[in-house]
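Some notes on the structure that comes next.
Derivation of every value follows stated rules applied to the coordinates shown; laboratory data play no part. None of these values were measured; they are calculated from a predicted model. With ideal geometry, Cβ positions are generated from the backbone for all residues, glycine too; neighbour counts draw on all protein chains shown.
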Amino acid sequence: MKTQILPNFLIIGAAKAGTTALHTYLNQHPQIYMTPRKETNFFALEGETIDFKGPGDEAINDFSITTLDAYQAEFKGVTNEIAIGEACPLYLYNSKTAAKIYQYNPEIKIIVILRNPSDRAYANFLHLIRDDREPFQDFAKALQAESQRIKQNWEWFWHYIQLGYYGKQLQQYYDLFERDRIKIYLYDDFRNNSLSVVQNIFNFLKVKDDFVPDMNIRPNKSGMPKNQFLHRMLTKPNPIKTALKPLFPPLLRQKIQHQNLAKPELTQEIKQELIELYREDILHCQDLIQRDLSYWLSVG
């Protein structure tokens, strides 16, 4: 009987901080196995009946895995890989997850990538604008609606502000896991020197660390579509997209899509308000991870 396999490392977040890119790059390494689907949500939602109510939340209701058998099926493709993992940013945010992961594997390796929480919240908003799900085009109005949306059981990805309290979220992991099992990276380092960060992760996972993945793919870019018709042609199921798909390689389609996305500046007023909300937690987080995060407290 084949031994049932579970991950020996997890990328737990944060949302909109590069986890999709990390999944893509790590998945290219011959000694690493990543789940075919990013974000199974298993360790957060095991045993739960899911019925999120926000616009487009049908997707998370459908793709989330809530049973152990279904989760183990995600690893049926494992052969002789050394590092076996999943990337799921809900795991950092969800308050039940650290204990659940520890219950399954107290020796697991935890990888976290953190982004300035104010910028992260805005990128999150633009992501949902891009996906034609966010009812408001105004970020301030969307922030004001957050508490009501939470009460109405909109999925976690709508929690723009709450997702950014990293100190509180990470504390749960440091309370349970040995510090050397947790590896923290900053999004700015990843953006500025992606290969160095990825190869450092390879070293952490004890796989060949001079491997160079194809990093031309930059998945999951957020932004407001400049041309809504073109955006829908490129991203939504439609006959034109199906007909033209063989003529346009994935990288070219991605390039066209990205060039059609604009990113308006986050206003200084809203950023200052967010900084004040996060200030205490940022100071807690920098003490916890032993990295200088003072620049997160600057509007500029």
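The label-point distance for LEU6 and ASP287, in a model that sets each label 7 Å from Cα toward Cβ, rounds to 3.3 nm. Diffusion coefficient of region 155-210 by Stokes-Einstein, Kirkwood radius over Cα pairs, 10 °C, 1.306 mPa s: 118 µm²/s.
Applying the Karplus relation 6.51 cos²θ - 1.76 cosθ + 1.60 with θ = phi - 60° to region 81-93 yields 3J(HN,Hα) values of 5, 8, 9, 10, x, 9, 10, 8, x, 5, 5, 6, 7 Hz, where x marks Gly and Pro. Computed from backbone phi, the HN-Hα couplings of region 126-131 come to 5, 4, 6, 5, 4, 7 Hz, rounded to whole numbers (Karplus: 6.51 cos²θ - 1.76 cosθ + 1.60, θ = phi - 60°; Gly and Pro given as x). Using a simple spin-label model with pseudo-atoms 7 Å out from Cα toward Cβ, GLN148 and THR67 lie 3.9 nm apart. Rg over Rh for region 105-219 works out to 1.04, both radii taken from alpha-carbon positions and Rh defined as the Kirkwood radius.
Note on region 39-103: the C-alpha convex hull projects to 5.2 nm² when averaged across all orientations.
In terms of Cα atoms, the Rg and Dmax of region 1-120 work out to 14.3, 50 Å. Inter-label distance, ALA99 to GLU280: 2.3 nm, where each label sits 7 Å from its Cα along the C-beta direction. Along its principal axes, region 1-56 has C-alpha extents of 39, 36, 16 angstrom, given from the largest down.
Near the amide H of LYS183, within less than 5 Å, lie the amide hydrogens of ILE110, ILE111, VAL112, all on another chain or at least 5 residues away, with H placed in the peptide plane.
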